[in-house]
1. Which residues, counting only those in the stretch 278-323, are more than 26 Å from Ile367 (Cβ to Cβ), buried (at least 24 other Cβ atoms within 10 Å of the Cβ) and in contact with an Asp or Glu (Cβ under 7 Å, 6 or more places away or on another chain)?
2. Can we say Glu331 is of a type in the set (Asp, Glu) and either at positive phi or in contact (Cβ under 8 Å) with a residue 60 or more places away in the chain (or both)?
3. What number of residues within the stretch 368-391 are in contact with a strand residue (DSSP E or B) (Cβ under 9 Å, 6 or more places away or on another chain) and farther than 18 Å from Gly312 by Cα?
4. Might you check whether a residue that is more than 30 Å from Tyr165 (Cα to Cα), among the aliphatic types (A, V, I, L, M) and out of contact with any Gly (no Cβ under 9 Å at 6 or more places or on another chain) occurs anywhere in the stretch 393-409?
5. Pull out all pairs, ordered by first then second residue, where Cβ-Cβ is under 6 Å, the residues are six or more apart or on different chains, the first lies in the stretch 374-400 and is more than 30 Å from Asn63 (Cα to Cα), and the second is of a type in the set (D, E, K, R).
6. Any residue in the stretch 124-138 that is in the same structural domain as Ser105 (by TED's automatic domain parsing) sitting within a Cβ distance under 8 Å of a residue that is of a type in the set (Phe, Trp, Tyr)? List the pairs, counting only those 6 or more apart or interchain.
7. So Asn184 passes all but one of these: (1) buried (at least 19 other Cβ atoms within 10 Å of the Cβ); (2) within 24 Å of the chain's Cα centre (by Cα). Which condition number does it fail?
8. Of all the residues that make up the stretch 141-151, how many are surrounded by 17 or more Cβ atoms within 10 Å (Cβ to Cβ) and not β-branched (Val, Ile, Thr)?
Amino acid sequence: MRRNFLVLIVAVLLFAGIDFCAAEKPLVNPKIQAFPLGDVKLLPGLFKRRADVHRQYLNSIPNDSLLFPFYKEAVVRVPSGSRPLGGWEDMSVDVRGHYLGHYLSACARIYAATGDTEMKAKADQIVAELARCQQANGNGYAGPTPEKILTALENGRQSDVWAPYYVVHKVLMGLYEMYLYTGNEQALRVARGMADYVKARTDKLSDEVMTRSLEVEQGGMTEVLYDLYGATGDDNYLKLAQRFEHHNFLDPLAANKDMLGKVHANTNIPKVYGATRAYELTGDKRSMDIAVNFWNMIVQAHSYATGGSNNGELWSEPNKLSQTLSRGNVETCTTYNMMWLTQYLFRWTGDPKYADYYERNLYNGIISIQNPTDGQFCYFTPMQAGSVKVWGTPLNSFWCCYGTATQAFASLASGIYFHDADSLYVSLFTPSEVSWRRAAGVVRLIQNTDYPEQASTRLTVRTPAPDTFGLKIRVPWWAKKGVEVKVNQAKVEVAAAPGTFLNLTRPWKDQDVVEVSFPMSLYAEPMPDDPSLMAIMYGPLLMAGLVFEDVSFRGESRQLDSWIEPVRLKGGRALSPMLSLTEAGFLYPDGMNAYGEAKPERDPIPLILQTRAPNPPVKFIPLYRVTSQPYGIYFKVTP
């Protein structure tokens, strides 16, 4: 019992950024560490509203429907009245059951962050049923699809399968996180049985056959197998993780060669963050080089102004993006997975450029793809002028992006605060509270802010006794109008260059208050291969131009695979690929005239901008506020 308790504690520390490796293997000490989920609490504000809507949605999904394909595959009794889910969870779809793994992960993270026992009980019941299915199968398999699909993959019939190991990964990941965050020992046993089953299969394959199999999307198999190795110290999982490393993709990255053009994005990002776990648990410097080189390639040569990348799920050729604007840009899975990779790199280095990138994607690629009214998600973030967001439905979508979005909204608190031995880092600005265990007692930092509606934040220190430490606050890269810092209402001069962490090291006492403001700037981000094609940014926010009247599309009335068709709105009008703003001049806040003077009546919604021309003017709002309105992101602009 004592050993199991220690393993659990170590696992929690592992995910929090405290690197650990069982069996006395080399390990990498991060420069900064994330706080355990339970030490950060969201307070009323944008993130908490979105998280609460998400929890309500998760609670509405029946367990029996999530488990339906697992029951059928294991040939066990299906509870009376149970019905399968639709969309990608339909019983005719070869990736059915994938969502359950994401769901377990989300439940575990929510429990760890909030103590929601209802979510934990729901997830515990799913784990128990997966154990029952595994026992019925008799060979360790606990999957939702026929094992013959794996056989077809091994026999080279890739065209006959979709992504069998992608589904296996989701189940393993959900089980592992149930163990990691909730202490469910049964989940670890089922995960080990499933991993042992995979090892028995793959041990029979030649290296040639294994390499061929890795061309098919397999999710984060490498990472989760390294996770199991880290949690158990079992070298079998280390060897299996190494077997899933796809060297045909990873080797060019190690050599810093960008060969990403026309490559499927979501198949390959998880291979890279698998390398990050390899680096953490083995100290392999080459694996770190792979991750850093890949991140730089994507951010510098393949990304749009939102921070996301890819069109039609494929990356463009380097720096050739102007002809890729469509209704199928930026698959949500890829945004989530790049942010997951970015958190690894941020912990390793403490470099604020990773935090800046994380924030840009968080607002424009994660918050933006959730419908705030019912918690449904988008598959893509369209960029063609006149596009609309296509929302899924509660029980009949479950695209891959439903899974990653489900995890993202269960862990909105995870990127806000970090620490090292002597400093507390404030990386994101949102109403929240963090508890930091120090020698002098638990220090609490309470953050109050209306960010991003207001470019400032207020931090209150609560400490049982005076304590000296550094308070490091991120100065966003776009904060070029200067930063004002006050401590207890007194202005403080401090180095605060954009793209750094300002540092306040002093003896802190209870109720000390720090106020930081960094006015947002309005700026344009041009396409690398067409400088006249620009996106309008305001601080970290992509400002979407509203181009026509509201139109609402949902998954049941508009097939997802129709995204490549031209947009036609009321009256049969078709939009041109770009909306010309050649006479726009400049943007100004709505409610202000062209000279910056306040109009008598201000729009009640913050963060609205509009052009002086053409007539009628184009109104811009943050992309995350767009729900049913047709919009554009890139516009032709003349000097």
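1. Correct list: Ala278, Glu280.
2. Values: of a type in the set (Asp, Glu): yes; either at positive phi or in contact (Cβ under 8 Å) with a residue 60 or more places away in the chain (or both): yes.
For Glu331, the condition - of a type in the set (Asp, Glu) and either at positive phi or in contact (Cβ under 8 Å) with a residue 60 or more places away in the chain (or both) - is met.
3. Total satisfying the criteria: 5.
4. Taking the stretch 393-409 as the starting set, the residues that turn out to be more than 30 Å from Tyr165 (Cα to Cα) are none.
Looking through the stretch 393-409, none of the residues is more than 30 Å from Tyr165 (Cα to Cα), among the aliphatic types (A, V, I, L, M) and out of contact with any Gly (no Cβ under 9 Å at 6 or more places or on another chain).
5. Partner pairs satisfying both residue conditions: Pro382/Arg327; Gln384/Arg327; Ser387/Arg327.
6. So the pair list comes out as Ile126/Tyr103; Glu129/Phe70; Glu129/Tyr71; Leu130/Phe70; Cys133/Phe70; Cys133/Tyr71; Gln134/Tyr141.
7. Single failed check for Asn184: (2).
8. Filtering the stretch 141-151 for residues surrounded by 17 or more Cβ atoms within 10 Å (Cβ to Cβ) gives 141-145, 149-150.
If we keep only those that are not β-branched (Val, Ile, Thr) too, we end up with 141-144, 150.
Summing the residues that are surrounded by 17 or more Cβ atoms within 10 Å (Cβ to Cβ) and not β-branched (Val, Ile, Thr) in the stretch 141-151 gives 5.
The values are calculated or read from the model by the stated rules, or taken from the named source; none is laboratory data. Computed from a predicted model, the values in this text were never measured in an experiment. FYI the Cβ positions are ideal-geometry reconstructions off the backbone, even for glycines, and counts take in every protein chain you see.
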